[in-house]
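Single-structure report; data block below.
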There are 2 protein chains.
Amino acid sequence: MPARIEAVYLVRATAESIAARARAIAVEQSVEMPLSAIEDGRVLREVVGEVRDIADRGDGCFAVRIGLAAETVEGDAGQLLNMAFGNSSLQDDVVLADLVLPEETAALFPGPRHGVAGLRARAGAPRGRALTCSALKPQGMTAPALAALAARLARGGLDFIKDDHGLADQRAAPYARRVAACAAALRAVAAETGRVVAYVPSLSGDLDAMRRQVALARDEGIGTVMLAPMIAGVTSLRALVAAFPDMAFFAHPALGGAARIAPELLIGKLFPWFGADAVIFPTHGGRFGYSAETCRRLAASARGIGAGAVPVPAGGISLARTAELLDFYGPETMLLIGGSLLDAKAGLTAETERFTRAVAAHAYRQEA
Amino acid sequence: MPARIEAVYLVRATAESIAARARAIAVEQSVEMPLSAIEDGRVLREVVGEVRDIADRGDGCFAVRIGLAAETVEGDAGQLLNMAFGNSSLQDDVVLADLVLPEETAALFPGPRHGVAGLRARAGAPRGRALTCSALKPQGMTAPALAALAARLARGGLDFIKDDHGLADQRAAPYARRVAACAAALRAVAAETGRVVAYVPSLSGDLDAMRRQVALARDEGIGTVMLAPMIAGVTSLRALVAAFPDMAFFAHPALGGAARIAPELLIGKLFPWFGADAVIFPTHGGRFGYSAETCRRLAASARGIGAGAVPVPAGGISLARTAELLDFYGPETMLLIGGSLLDAKAGLTAETERFTRAVAAHAYRQEA
């Protein structure tokens, strides 16, 4: 039996129409042509998608499980998205809810290389407590201004400081100048206070540009970078992970969509499969619409892949929610608080220190 | 006044909440932090997004126009998506409906280089009639079998034969073998019948792989290739367009629906801005949900960019709809019929010839 990837779709349909709709999706996502016109018996048996199960969820949607030939994907990250959801993404009655890989495909997507242990090592963060992260913003500031901000955040004892995902290679703070300035600022803080904070620059542009950017970061002693796989292209993430084995990668969810690919799949599985060591996502209760259950599943899924990707809840978290979120996510997590710290203005370093101390001192209720 | 990109969002909201919601999107898509924490006056004046207009559409949705600083995008295709819809794509009450570029940004996205004239030249197709295209499928067939199919389609007098977008670099028909076989088959048909048909291979993998694939196509005398920008990454499309100035590019819409970007924007504007010479999209009345009005706007928009991208309606078109669709789209169009021709089985060449003759003989009602 040839190996198949199992794709789970949530399909809005009636009980009368769902069987035909499920078969249509199985064809759409495999051979995309009338089965009657296929004369090749092997293709009919081994390549055409097969409907494996249809379950009525009782809410007007059906969960449809379809087996897709692993040979149509092999180890190509773009093909995995293409065969799972390329055309069906254009049909608004379908959501891609989950993917389950057969062994031969899973072996080609081994997941994060560094994961939680590698990220803890980069930040000198002991096991048993969550990691902490904040963000450099707003974009439009100059490189020296961003570096000064990085220093103020670093004095508060964070593990990671990432670029705002809007920071690219713009004139206001070109990548090379920004990275050199921020790295120097953090080295100065480390020399003065002993507090080592890992800077995470954001990559942009095409694969060639991103490769140059990663090399430049490496030359500054930086061990972690960030990109948005849905903007950069998932194949670019894969290519960078392969080209820079010592580098750890944060995945930003920009352009990840809310409605059509389930977040627990896109962010909780696909980004880690493609090599992300940490996955940023908008947590429940913030300014995005993910439910607590979605966030819990996303985090659990990410941790289970490869070396274990670190879930990074974010998206409008205030300091007041630290304890709640730590209990919810547990210590194998990185809390990312950006705007809420920056809002402390002159008190930024003190506010950051309150954040990092709260995380270090937290007694976990083991809710996660 | 610094230049701004105007982004139009459709936002589901109440009359009471829309003003605050619009301001929140303007912040989300620019500085993504509390404005109260921004001390840099230039950033506040020139970088923070500004709400320009809110129009009640009367259907529970508001059209919100937001000015985004062009300096945050410059000429980076990925940044254009990121700043227009990166984070808001994660909020399910927002659709990105349109983008209007200021002059300085438009100059950096000059659009298709070859366009309709270049594609007509490749196919030897006279002005005044629509172009024709079919697709090689199903995937899973061997390279020689696909080449034999290409020859049978070519004898029917098509302008273009493209790979199914599911064809990548799989074992069943590896790219290099497939392209060589199909190109040879079409050369043989041309030598025998005088019918010149342009083969359009589908690119896959990362940017390096796609560059190798384009070079290989060029070595086979091929002048047109296809990729799916939402899977390959829009920056990869831009990089390939820049690296291969003699090559024309088809954009496939796969994964284009996942991010809730209006099709007339994503396919009708963004793909052409990034250099696509032809844009494939699921036409109205087929197995996808686009309306006739959406298709008309998409086509008109694509034609107006750069050298003029050719709209390529597709997605389950039957031969019976040829006249209707030609009247609807007019002659500056490429009709793509795949499965419906293939369903003729032994009569494939004759059915293809019926298609190409119908297109050549059509008297346009000038509906378009």
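The values are calculated or read from the model by the stated rules, or taken from the named source; none is laboratory data. Model, not experiment: these values are computed from the prediction. Virtual Cβ from ideal backbone geometry, glycine too; neighbours counted across all protein chains shown.
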field: Candidate set from the stretch A:306-349 (those that are small (Gly, Ala, Ser), assigned to a helix (DSSP H, G or I) and within 14 Å of chain B (Cβ to nearest Cβ)); member that is nearest to A:Ala228 (Cα to Cα)
entry: A:Gly339
task: Could you check A:Ala363 against (1) free of Cβ contacts under 8 Å to residues at least 24 places away in the same chain; (2) outside any loop (DSSP other than H, G, I, E, B) and say which number it fails?
output: (2)
message: Being surrounded by fewer than 23 Cβ atoms within 10 Å (Cβ to Cβ), at pLDDT 95 or above, more than 26 Å from the chain's Cα centre (by Cα) and among the charged types (D, E, K, R) is true for just one of B:Arg65, B:Arg42. Which residue is that?
response: B:Arg42
Those residues of the stretch A:235-256 which are surrounded by fewer than 24 Cβ atoms within 10 Å (Cβ to Cβ) and within 7 Å of chain B (Cβ to nearest Cβ), in sequence order: A:Arg238, A:Ala239
task: Answer yes or no: is there a residue in the stretch B:203-217 that is touching a Leu at 6+ places or on another chain (Cβ under 8 Å), more than 21 Å from B:Gly140 (Cα to Cα), surrounded by 24 or more Cβ atoms within 10 Å (Cβ to Cβ) and away from every other protein chain (no Cβ under 14 Å).
output: no
task: Evaluate the following for A:Arg218: is it in a helix (DSSP H, G or I) and either basic (Lys, Arg) or touching a helix residue (DSSP H, G or I) at 6+ places or on another chain (Cβ under 8 Å) (or both)?
output: yes
- request: Kindly establish whether A:Val279 is buried (at least 18 other Cβ atoms within 10 Å of the Cβ), touching a residue at least 40 places away in the same chain (Cβ under 8 Å) and either within 30 Å of A:Gly75 (Cβ to Cβ) or not assigned by TED's automatic domain parsing to the domain that holds A:Thr224 (or both).
  value: no
Matching option when the condition is closer than 23 Å to B:Leu108 by Cβ, surrounded by 24 or more Cβ atoms within 10 Å (Cβ to Cβ) and out of contact with any strand residue (DSSP E or B) (no Cβ under 7 Å at 6 or more places or on another chain), among A:Ala176, A:Ala232: A:Ala232
message: Given the criteria modelled with pLDDT under 95 and within 19 Å of A:Arg127 (Cβ to Cβ), does A:Tyr329 qualify?
response: no
statement: Checked the stretch A:299-321 for anything over 24 Å from A:Gly118 (Cβ atoms) and hydroxyl-bearing (Ser, Thr, Tyr); matches are A:Ser318
field: Only listed residue being under 30 Å from B:Ala346 (Cα atoms), assigned to a strand (DSSP E or B) and either among the β-branched types (Val, Ile, Thr) or within 24 Å of the chain's Cα centre (by Cα) (or both), chosen from A:Val51, A:Val11, A:Val27
entry: A:Val51
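Is it the case that B:Asp164 is touching a strand residue (DSSP E or B) at 6+ places or on another chain (Cβ under 7 Å) and acidic (Asp, Glu)?
yes
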- line: Of (1) within 14 Å of chain B (Cβ to nearest Cβ); (2) closer than 15 Å to A:Leu203 by Cα; (3) of a type outside the set (Gly, Ala, Ser), A:Leu266 satisfies every one except (2)
field: Qualifying positions in the stretch A:39-66 - within 14 Å of chain B (Cβ to nearest Cβ) and either closer than 25 Å to A:Ala107 by Cα or of a type outside the set (A, V, I, L, M) (or both)
entry: A:Glu39, A:Asp40, A:Gly41, A:Arg42, A:Val43, A:Arg45, A:Glu46, A:Val47, A:Val48, A:Gly49, A:Glu50
message: Being at pLDDT 95 or above and over 21 Å from B:Met83 (Cβ atoms) is true for just one of A:Ala172, A:Ala125, A:Ala150, A:Ala117. Which residue is that?
response: A:Ala150
task: Might you check whether a residue that is surrounded by fewer than 16 Cβ atoms within 10 Å (Cβ to Cβ), farther than 23 Å from A:Ala145 by Cα, out of contact with any strand residue (DSSP E or B) (no Cβ under 7 Å at 6 or more places or on another chain) and at pLDDT 95 or above occurs anywhere in the stretch B:20-38?
output: yes
task: Might you let me know whether the stretch A:85-96 holds any residue that is closer than 24 Å to A:Gly306 by Cβ and surrounded by 18 or more Cβ atoms within 10 Å (Cβ to Cβ)?
output: yes
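Kindly provide the set of residues from the stretch A:324-355 that are crowded, with 19+ Cβ neighbours inside 10 Å and either closer than 16 Å to A:Arg155 by Cα or without any contact (Cβ under 8 Å) to a residue 12 or more places away in the chain (or both), ordered by number.
Listed by number, the residues that qualify are A:Ile337, A:Gly338, A:Leu341, A:Leu342, A:Leu348, A:Glu351, A:Thr352, A:Phe355.
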